[in-house]
1. Filter the range 270-299 for residues that are β-branched (Val, Ile, Thr) and open to solvent by 10 Å² or more (accessible area, probe 1.4 Å) and give the result.
2. Within the range 221-262, work out how many residues are outside any helix (DSSP H, G or I) and not aromatic (Phe, Trp, Tyr).
3. So which residues in the range 232-243 are in contact with a Phe, Trp or Tyr (Cβ under 9 Å, 6 or more places away or on another chain) and either more than 22 Å from TYR158 (Cβ to Cβ) or open to solvent by 30 Å² or more (accessible area, probe 1.4 Å) (or both), if there are any at all?
4. If you check ILE149 against the conditions, is it part of a helix (DSSP H, G or I), hydrophobic (A, V, I, L, M, F, W, C) and free of Cβ contacts under 8 Å to residues at least 40 places away in the same chain?
5. Hey, can you tell me all the residues within the range 64-96 that are closer than 18 Å to ILE179 by Cβ and either in contact (Cβ under 8 Å) with a residue 60 or more places away in the chain or within 16 Å of the chain's Cα centre (by Cα) (or both)?
6. Restricting to the range 152-170, and then to whatever is free of Cβ contacts under 8 Å to residues at least 24 places away in the same chain and in contact with a helix residue (DSSP H, G or I) (Cβ under 8 Å, 6 or more places away or on another chain), can you tell me which residue is surrounded by the most Cβ atoms within 10 Å (Cβ to Cβ)?
7. Name the residue, out of PHE224, PHE302, that is under 20 Å from ALA367 (Cβ atoms), crowded, with 16+ Cβ neighbours inside 10 Å and at pLDDT 90 or above.
8. For the range 22-133, list the helices (runs of 4 or more DSSP H) that sit wholly inside it and hold at least 1 residues that are at pLDDT 95 or above and surrounded by 16 or more Cβ atoms within 10 Å (Cβ to Cβ); which are they?
Amino acid sequence: MKNDPQKAFKLIIGSQYFLYFGVMGIFLPYFNLYCYHIDFSGFEIGVLSAIRSVALILTPLIWGTLADRFRIRRPIYILCNFISTGIWVFYLYTTNFWAMLVITVFYGLFYSPIISFLEAVTMDVLGEKKKSYGKIRGWGSFAFIVTVIVVGRIIDLYSIEIILGLILLGSLAQSFISIKIPDIQIKKQTAFFSKAKVLLKRRVVIFLFCAFLMLVSHGTYYGFYSIHLENLGFGKTFIGISWALASIAEIIVMIKSDVIFKRFSIENVLVFSFMVAAFRWIALSFAISPVLILFFQILHSFTYGTFHVASILYIDSLTPDAAKTLGQAVNNAITYGLGLMAGFFINGYLFETIGTFSLFMTSGLIAMTGGILLKISQVVDRSSVRAA
């Protein structure tokens, strides 16, 4: 009976990942495509995407600091779920770029910290079994797979406008279930600000910079991949299958993440993920065959799957208990916030002049740079340890 509460907590957290990434499975492949269909330019699409990333930079840091300093993670998590869902409703009533820009700003203020808070809660619930994180996170990938396929088919049968209502329904469900999220507090009081200073150490800063480059390289994929496929002549069903295949590969890796990290160090997994990303983006800069395009989607298991899990574990290992939420918030802010913002701005600006093939090539070179810098940093750290 002792394990029953933890099992219940895992079920609740798994449902949060399921709904969060289920909504993401609608938003990520199809929202920019929706904007493209209501005649937004590549630059306007890039701006909207970048604004969401700006929110990911700033607001999780503010919310994370408040949560750790005053130990109110759970109330903030619930608040952000409900308010962001309410703000999403306004997307249903306009197709004006400036109105959507304002909505995006306010939506981002409350939506952006949700995932970093969820990651921090998950690490606390897992305790000493943190390397099994991928098994819980896998529920999100499974939801993503289902939604991208199903929604792609629905859009082909009806209209792309339907995604706005579907996202609202998924967000509402997540909001109501978020009330059940566990409220786990660290037992020992510690000085928050002194503990948070660990995030300024050289090892952490270099990792965050390299992770920033990794997400910059994802700007073409997350911002313009669906548009790229449509311009190649593929339908929405193929686009959905393509995104789903990437998530299938990702979920397999996440389920087996504990096995992977027993055999390989977190640092080596990170470097390998960078190199696979470089290969994937460069390969997509040439691919026009549907078979090759789908094959390269399998590499998402490493460019996102292993990279994401390794990043969460790495930051968690470097941050003390008093700053866990802030640590995950900083990681998300630098990568999915600042990194994607830069990636979206670059891609939005260059989309109509050089096209997506060249953008993928550029992304490959950026990912390669991040991997090389991270490897050099690891070699320097080892040399310093030996010298000491």
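1. At the first step, the residues of the range 270-299 found to be β-branched (Val, Ile, Thr) are 271, 276, 282, 288, 291, 293, 298.
Selection gives VAL271, VAL276, ILE282, ILE288, VAL291, ILE298.
2. If we filter the range 221-262 for residues that are outside any helix (DSSP H, G or I), which is where we start, we get 232-235, 256.
The next check asks that each one be not aromatic (Phe, Trp, Tyr); those that pass are 232-233, 235, 256.
Number of matching residues: 4.
3. Of everything in the range 232-243, just one residue is in contact with a Phe, Trp or Tyr (Cβ under 9 Å, 6 or more places away or on another chain) and either more than 22 Å from TYR158 (Cβ to Cβ) or open to solvent by 30 Å² or more (accessible area, probe 1.4 Å) (or both), namely LYS236.
4. On the way: part of a helix (DSSP H, G or I): yes; hydrophobic (A, V, I, L, M, F, W, C): yes; free of Cβ contacts under 8 Å to residues at least 40 places away in the same chain: no.
Considered against the rule, which asks whether it is part of a helix (DSSP H, G or I), hydrophobic (A, V, I, L, M, F, W, C) and free of Cβ contacts under 8 Å to residues at least 40 places away in the same chain, ILE149 comes out as no.
5. Step one: filter the range 64-96 for residues closer than 18 Å to ILE179 by Cβ, giving 67, 72-86.
Of everything in the range 64-96, those that are closer than 18 Å to ILE179 by Cβ and either in contact (Cβ under 8 Å) with a residue 60 or more places away in the chain or within 16 Å of the chain's Cα centre (by Cα) (or both) turn out to be ALA67, ARG73, ARG74, TYR77, ILE78, ASN81, PHE82, SER84, THR85.
6. Initial filter on the range 152-170 (free of Cβ contacts under 8 Å to residues at least 24 places away in the same chain): 154, 157-159, 162, 169.
Next, only the ones that are in contact with a helix residue (DSSP H, G or I) (Cβ under 8 Å, 6 or more places away or on another chain) stay: 154, 162.
Details: ILE154: 19, ILE162: 16.
Filtering first and then ranking leaves ILE154.
7. Working: PHE224 fails: at pLDDT 90 or above.
Matching residue, one of PHE224, PHE302: PHE302.
8. Output list reads 73-88, 97-111.
The values are calculated or read from the model by the stated rules, or taken from the named source; none is laboratory data. These numbers were taken from a predicted model, which means no experiment stands behind them. Glycine gets a Cβ as well: all are built from the backbone with ideal geometry, and neighbour counts include every protein chain shown. Surface accessibility is based on the protein's heavy atoms, side chains included, excluding ligands, DNA and RNA. Shrake-Rupley method; radii C 1.70, N 1.55, O 1.52, S 1.80 Å.
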